[in-house]
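The values are calculated or read from the model by the stated rules, or taken from the named source; none is laboratory data. Since we're looking at a predicted model, the values are computed, not measured. Methodologically, a virtual Cβ is constructed for each residue, glycine included, from the backbone with ideal geometry; neighbour enumeration extends over all protein chains shown.
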Amino acid sequence: MTEIIKIEDNCDEAVQKAKKYFFDGKVFIYPTDTIYGLGANPFNDEAIKRISTIKNRDDKKNYILLISSMEQLLKYTEIENERLLDLLNEMWPNPVSVVLKLNAKTRADLNKENIAFRIPSNRFCIKVLEAIKMPLVTTSVNKTGQASYVDPSQIIDNYSEEVDAIFYSIKQIQNRASTLIDMTSSEPVVLRQGKFQIDSLIKKFSLNSLQ
């Protein structure tokens, strides 16, 4: 039975419930700084397969990971360029996700070379991330190729039998995905343009060479 939780009723209790679902290997829906996301532990293979099944998506494709801090990011990535670190510090928290190289341990754990990370500008997300002290998967609540759901009532109607919990907010969120930029090669590549404009920041930090 899917648990439906309004965050505003008791935010701290909602955070603890999200933490439990995360470590129990469950899949849940929650509001982010962009759109509602399907969430789970990225190191739990069964949970990730469930998300891919829900979305009708190839489970070999990568999902964005939310993190709470730069310190947390450095536990999972391989970043040697100080200018890139300065840029990330300047940019986050904001709705922009950055593809980065994983370190050796995380590559082995996830069987991936690169993954996109983001520090979100959303109070509930940050509280959950601080509670779990690990990255959290985020991917839009929709079937692949279809529009994302942002109305909680529609999410409950369409997904209450597919996930273990739905965390929703009475606050309206923007219906726009994050800007997605790849910073794993010699020059930054914008893979998806969202609301956040990153061009000026790239110029500010002169990131014409990231290696």
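Tabulated data
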read-out	value
Considering residues of the stretch 142-165 that are modelled with pLDDT of 95 or more and part of a loop (DSSP other than H, G, I, E, B) only, the residue surrounded by the most Cβ atoms within 10 Å (Cβ to Cβ)	VAL163
Residue count, the stretch 48-69 (criterion: surrounded by 14 or more Cβ atoms within 10 Å (Cβ to Cβ), part of a helix (DSSP H, G or I) and not polar (S, T, N, Q))	5
Close pairs (6 angstrom Cβ cut-off, 6 or more residues apart or separate chains): in contact (Cβ under 8 Å) with a residue 60 or more places away in the chain and among the hydroxyl-bearing types (Ser, Thr, Tyr) in the stretch 154-170, part of a strand (DSSP E or B) and buried (at least 17 other Cβ atoms within 10 Å of the Cβ) anywhere	SER169/PRO31
Top-ranked residue in the stretch 1-47 [being among the basic types (Lys, Arg) and over 17 Å from the mean Cα position of the chain (by Cα); ranked as surrounded by the most Cβ atoms within 10 Å (Cβ to Cβ)]	LYS17
Qualifying residue in the stretch 99-107 (condition: surrounded by fewer than 15 Cβ atoms within 10 Å (Cβ to Cβ), over 16 Å from the mean Cα position of the chain (by Cα) and modelled with pLDDT under 95)	no
Matching residues, the stretch 81-112, being touching a residue at least 60 places away in the same chain (Cβ under 8 Å), within 14 Å of THR184 (Cα to Cα) and in a loop (DSSP other than H, G, I, E, B)	ASN81
Residues located in the stretch 166-176, provided they are in contact with a Phe, Trp or Tyr (Cβ under 9 Å, 6 or more places away or on another chain), of a type outside the set (Phe, Trp, Tyr) and modelled with pLDDT of 90 or more	ILE166, SER169
Single unsatisfied condition, ILE29 versus (1) in contact with a Lys or Arg (Cβ under 9 Å, 6 or more places away or on another chain); (2) under 21 Å from TYR149 (Cα atoms)	(1)
Flag if GLN174 is without any contact (Cβ under 8 Å) to a residue 12 or more places away in the chain and either part of a loop (DSSP other than H, G, I, E, B) or under 15 Å from the mean Cα position of the chain (by Cα) (or both)	no
Filter result (hydrophobic (A, V, I, L, M, F, W, C), assigned to a loop (DSSP other than H, G, I, E, B) and modelled with pLDDT under 80) within the stretch 177-211	PHE196, ILE198, PHE205, LEU207, LEU210
